[in-house]
Amino acid sequence: MMNEQNIRVKGIYWKAAGCLLFLYVLIGGMIVPLKSGVTQLSTTSASSGDTLAITVTGYNTHFAEAKNNRAWLKIDSAHHIQSYNVKAIDENDIVLSFAIPNAMPTNETPVAATLLIDNEIDGVIVQPNAIFITNTRTDTTASATWMASALGDFNKVQGIKFPYRNILNETIRNTFFHVALWFAMFALLFAGVYYAIQYLRTGDYTMDIKSASYTKVAILYGMMGLLTGAIWGKFTWGTYWPNDIKLNMAAVAMMMYVAYLILRGSTTDYDKRAKTSASYSIFAFLALIPLLFIIPRINDSLHPGNGGNPALGGEDLDHTLRLFFYPSIIAQILLGLWMGQLLIRYEAIKERLLSKNKINQTPIVGQSNPI
């Protein structure tokens, strides 16, 4: 009796941990602000020798409130120019004036310049490839007009802030849900395949119930992943479902698992259903590898992580996002395992009731039929 109680208590710990982690991600992931960023530039091109005035529109910025706004155009780690006039219009708009030197420190054209804006409230704002400068001279002897030194002495902002991405904006928080759902889905599918193999090896129907339960929860996660991805796509790409190889392959993968549910419900023969669904589960899991990890990588794709479009690195997943991203994966795996266990118990009770009904309905030899 005591051992059974200990097992129940231990079983509560990881479930409680899953709930608490999910609440931590849900609350913390929503209230942590984004860093300041640049949403729009009045111009993105210039020529060497130009006097350039740029109106910059920022996001979550404090240009008017800040007392010391500074700005630079940076060519590389050693060459940059500083804005000679900085005029804040309001909190989110500022005009920056630059005198582009007559000669560039490189013979290439156009030259991509990174815009840096710094103040004591927002810290440093970096906009890569902000201005493309056409090099009208191939002579680099005047490159000394560019500051030949590394930039530094930027203001540092205290506290935790998520990175600002020009396309994602506030939707970068969906990383904690959309991406984490797919990670958790794969973990649950792996559990389903493991128990499917165990069933085929031992013939134990309990293994079939476990395999089907974890696979069903994984399918739910996959559908939620498609839904959150479609909503994300509407905000970032302007459409819920572009004709993208990654998205199409993900849809094909989920259709395979919908077929798993149909296959499993197509027969009442328990032994046949268990063997067929276990074999199909293994096949479907193996098919995910080329569908989601090989085919999209050899084609151009809007989706990060495919077709040369990087993901889960740099500004897309910095240390602040990791504080919530990894706990979200753990939380969703734990909650998925909990839902799987509830399904296992439900299926076990249903099977016992069906077996009991069959025994009660079996007529005794020599007994007359009451009907």
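The values are calculated or read from the model by the stated rules, or taken from the named source; none is laboratory data. Since we're looking at a predicted model, the values are computed, not measured. Note that we place each Cβ from the backbone using ideal geometry, even for glycine, and neighbour counts take in every protein chain shown.
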Worksheet entry | Positions within segment 263-276 being more than 30 Å from Arg297 (Cβ to Cβ) and assigned to a helix (DSSP H, G or I), in sequence order | Arg264, Tyr270, Asp271, Lys272, Arg273, Ala274, Lys275, Thr276
Worksheet item: Restricting attention to segment 31-39, does a residue exist that is without any contact (Cβ under 8 Å) to a residue 60 or more places away in the chain, touching a Lys or Arg at 6+ places or on another chain (Cβ under 9 Å) and not in a loop (DSSP other than H, G, I, E, B)?
Response: no
Worksheet entry | Whichever residue in segment 215-248 is more than 15 Å from the chain's Cα centre (by Cα) and either of a type in the set (Val, Ile, Thr) or not assigned by TED's automatic domain parsing to the domain that holds Glu347 (or both) and, among such residues, is surrounded by the most Cβ atoms within 10 Å (Cβ to Cβ) | Thr215
